[in-house]
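Working notes for the structure below.
The values are calculated or read from the model by the stated rules, or taken from the named source; none is laboratory data. What you see is a predicted model, and the numbers here were worked out from it, not measured in a lab.
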Amino acid sequence: MPAAALIASHNFASASSSDSDVSSSSARMDSNPRPIASVLVLRCMRCARSAETTTTDDASTAGMVRISHNLYYCERCAKLVGYK
């Protein structure tokens, strides 16, 4: 058997074994589901008013204005300070 044929058959054999490893690892990952969304408490940094929302919702639906990462004003305070 020529050397090229041996190399080609070896690559094919190793690819098929790694394919089975990939499918078994994805089956293990699917059996352990993660939560889709979690609840967040948004608190105004001026008046301490709070609102609960989920990670998939927008802050404006809860009446809060996002200033920065994890920093919020309620709509009332955002208007008072001129942010909105």
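Some notes on this structure:
Rundown of residues vs (1) modelled with pLDDT of 95 or more; (2) of a type in the set (S, T, N, Q), yes/no style:
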site: 27; (1), (2): no, no
site: 45; (1), (2): yes, no
site: 48; (1), (2): yes, no
site: 63; (1), (2): yes, no
site: 70; (1), (2): no, yes
site: 77; (1), (2): yes, no
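- If the condition is being over 16 Å from the mean Cα position of the chain (by Cα) and assigned to a strand (DSSP E or B), then the stretch 54-78 contributes 64, 65, 66, 67, 68, 71, 72, 73, 74.
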